[in-house]
1. Using Cα-Cα distances under 8 Å and only pairs 6 or more residues apart, what relative contact order does the stretch 268-341 have, in percent?
2. For residue 56, which sequence-distant residues (separation of 5 or more, or a different chain) have an amide H within less than 5 Å of its own amide H, given hydrogens modelled in the peptide plane?
3. Kindly write out, for the stretch 62-68 in residue order, the coupling ³J(HN,Hα) from the Karplus curve 6.51 cos²θ - 1.76 cosθ + 1.60 (θ = phi - 60°), rounded to whole Hz, with x marking Gly and Pro.
4. Ratio of the stretch 55-237's C-alpha Rg to 2.2 N^0.38 Å, to two decimals?
5. Mind sorting 336, 344 by how few other Cβ atoms lie within 10 Å of their own Cβ, fewest first?
6. Too long at a 21 Å Cα-Cα cut-off: which of 167/223; 67/184; 132/247?
7. Quick one: of 136/193; 233/264; 136/164, which pairs are farther than 32 Å apart, Cα to Cα?
8. Please express the shape of the stretch 269-330 as an equivalent ellipsoid: the semi-axes are the square roots of 5 times the eigenvalues of the C-alpha gyration tensor, given largest first in whole angstrom.
Amino acid sequence: MGSLYSEFHYETGNTVSQEKCAQLLSQNGYNLREALIQHYSGSSYSSNSKDDQGKQWVILGNTRAGKSTFINTMTGTQSAEVGKGFGQSTTSSSKAYTAILPTGQEVSLIDNAGFNDSRAISNSDIKDGIFKAIVKGNSKNTIDAVLLFQSCQTDFFSFQDLAKKAKQIFGPSIRNQLVVVFTKHVKNPEFAKEGMMECKKLGLRSFLWESVDISPYSMHRQKSSLQEFLFTKYPYRVWEAFSFMRKVAEKALSKQAMAPRLVKSKTKYFTETIQEVQTVTEYKTITQTVYREEARGGLAGFFGGTRTVTDYVTSQIPIQRQILVPKEVTRSRVEHQYIMPPLHQFIAPAKRELLQKLY
């Protein structure tokens, strides 16, 4: 099992926690391929996952409702063109902008053409544009909120039609993500108050937002309040995006299989027993017989008589010889293994290739 975890971490570039790795493998019957596809398709998202992934808010509304100004305020740039006339939206297709929330978390703001645009953009075109914006920049493939922009500098409520349109685009289950955002309410507070009461009757959540007549400190507090207000543990899942990212993962696996193998060199250490030649010295005891003459005793000795006496002398003689002695030694050898490059290297190229077919 440990080896399967190691393979998963290798394929994903060690970007997945051990807990998440175990969960993915378990959910897929310890099939590494399916676990990797689930990870890269984003379908492993659960309400119990840590809230460290980027947020994604879809922005819908009529032209001149304050959508572009909201985006510029959130991003601190002038990326979104603010309209001046009437009839045609400044946004012709869905486009994603990245903003940093007060907590430091990223949020992707997906802007769309105004619903009352004179070019009469269809629901399917809007849905297709949102889908493309999601798969192009967000692997989470979920929508945390759909913001329905209602300007307070008008004489009619459009959010009912916006909510209806959002349900036609995403389906009835998107209702939990719908939030009516009343813009320019400072100049027409009565309109905002009446609109929020109407939202309450319809079971829609609402939020007051001001982009112009507001101090920097109040803007920071407003952003924090909005982030807290839009927090959800159960984001809307964009199944078309999951399906697309599954194709990306499968395409990446195909690219990986055809890629040249990498040579992984590893030094392996091992011990073995050898026979070492050693020289040992042994001592042999020998006894030698030594003869000597000594004077006889008595009269014979007086006249110079001698006799032969035998002595025995013991000594040790060193003898060297070679023997074989077993000895353990540590040796090493370099082993070469041919492996596939990690899967994560092929995700971006596969995604780019499939995205080109969408446009």
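A short reminder: the numbers here are calculations on the coordinates, not readings from a lab. All values reported here derive from a predicted model rather than from experimental measurement. Here the Cβ is made from the backbone with ideal geometry for all residues, glycine too, and neighbour counts use every protein chain on show.
1. Details: 117 pairs, mean separation 36.1, N = 74.
It comes to 49 percent, rounded to a whole number.
2. It is 108, 144, 145, by chain and number.
3. Per-residue couplings from phi come out as 6, 5, 6, 8, x, 5, 5 Hz.
4. Numbers: Rg = 15.0 Å, N = 183, 2.2 N^0.38 = 15.9 Å.
Taking N as the residue count of the stretch 55-237, the ratio is 0.94.
5. Details: 336 8, 344 18.
Going from least to most buried by this count: 336, 344.
6. Pairs exceeding 21 Å: 167/223.
7. Numbers: 136/193 38 Å; 233/264 43 Å; 136/164 27 Å.
In this structure, 136/193; 233/264 lie more than 32 Å apart at Cα.
8. Values: eigenvalues 702, 7, 6 Å².
Three semi-axes, in Å: 59, 6, 5.
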